[in-house]
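Just below is one structure, and these are the notes that go with it.
The values are calculated or read from the model by the stated rules, or taken from the named source; none is laboratory data. Worth saying up front: this structure is predicted, and the values here are computed from it rather than measured. Cβ placement follows ideal geometry from the backbone for every residue including glycine, while neighbour counts extend to all protein chains displayed.
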Amino acid sequence: MKNILIHGLGQTSRSWNKTKEILNQNGMIVETPDIFNLNKQSYQNLYQEFAYYCNSQNEKLNLCGLSLGGVLALSFAKQYPEKVNSIILIGTPYKVPKILLKIQGLIFHFMPKSTFQKIGLTKKEFISFMNSMENVDIVTGLDKIEIPTLILCGIKDKVNMKSSKLLNQNIKNSKLKIIENSSHEVNIENPEELASNICNFWKQNL
């Protein structure tokens, strides 16, 4: 079984460093790809490259994604259920918040270019990528997912708490757990509790 941690928008693979360290100490070997090294042109192109990356693995996969990473994991699990052993969704939206995307787009226009360079994107690429997500369909096919699914949300992540509950209601065999002392970036804010939940879930679904 191969374990893959997928970071969110505004993060890099380094965002998993502490979580990965704890998982390794518990005998869990993980891969943490930098998803924007796969493709940064649009969500649709990124997903195609991500799907190619996952399908190139010779084992079944345990996918764990935060936010955008969770959307990618869901998309792959719906299209290639035979390839996935389990999924973990962290702070993952139930629907793409179109109004919020537009507001964020306006804010990003006024942010310095250096803000975006940290995640391997230019300012123009980041805004273009955000716009490409406007019509991403997350909801369709959720009822067809039958693999073990763990849904996690930081207790302070008010934006995604409702989404997490809706995902739990619509995905069979799913469990919802709340991570204490954390908002959206659980992998940075509370990697200890996150790693514990990931490790326990993976061990239960070997």
>> Considering only residues that are modelled with pLDDT of 95 or more and among the hydroxyl-bearing types (S, T, Y), which ones fall in the stretch 64-78?
In response: S75
>> Can you tell me which condition L206 does not meet? The list is (1) among the hydrophobic types (A, V, I, L, M, F, W, C); (2) surrounded by fewer than 19 Cβ atoms within 10 Å (Cβ to Cβ); (3) at pLDDT 95 or above; (4) assigned to a loop (DSSP other than H, G, I, E, B), and all the others hold.
In response: (3)
> Any chance the stretch 85-97 includes a residue that's more than 23 Å from L166 (Cβ to Cβ) and assigned to a helix (DSSP H, G or I)?
Replying inline: no
> Of the residues G27, G10, which is assigned to a loop (DSSP other than H, G, I, E, B) and loosely packed, with under 14 Cβ neighbours inside 10 Å?
Replying inline: G27
>> Any residue at all in the stretch 43-63 that's in a helix (DSSP H, G or I), at pLDDT 95 or above and basic (K, R)?
In response: no
> Limited to the stretch 30-42, what total is found for residues that are under 22 Å from P81 (Cα atoms) and either more than 16 Å from the chain's Cα centre (by Cα) or part of a loop (DSSP other than H, G, I, E, B) (or both)?
Replying inline: 2
> Of all the residues that make up the stretch 97-125, how many are surrounded by 15 or more Cβ atoms within 10 Å (Cβ to Cβ) and either out of contact with any helix residue (DSSP H, G or I) (no Cβ under 9 Å at 6 or more places or on another chain) or modelled with pLDDT of 80 or more (or both)?
Replying inline: 1
>> assigned to a helix (DSSP H, G or I) and farther than 18 Å from T140 by Cβ: is that true of L74 in this structure?
In response: no
> Name the residues in the stretch 154-203 that are of a type in the set (V, I, T) and outside any loop (DSSP other than H, G, I, E, B), would you?
Replying inline: V159, I178, I179, V186, I188, I198
> Is it the case that some residue within the stretch 68-81 is without any contact (Cβ under 8 Å) to a residue 12 or more places away in the chain and over 14 Å from the mean Cα position of the chain (by Cα)?
Replying inline: no
>> Consider the stretch 58-84. How many of its residues are buried (at least 18 other Cβ atoms within 10 Å of the Cβ) and either at positive phi or not aliphatic (A, V, I, L, M) (or both)?
In response: 8
>> Looking only at the stretch 117-137, count every residue that is farther than 20 Å from L5 by Cβ, among the hydrophobic types (A, V, I, L, M, F, W, C) and assigned to a loop (DSSP other than H, G, I, E, B) and tell me the total.
In response: 2
>> Take the residues in the stretch 136-174 that are of a type in the set (D, E) and either within 16 Å of the chain's Cα centre (by Cα) or surrounded by 21 or more Cβ atoms within 10 Å (Cβ to Cβ) (or both); name whichever of them is farthest from S67 (Cα to Cα).
In response: D137
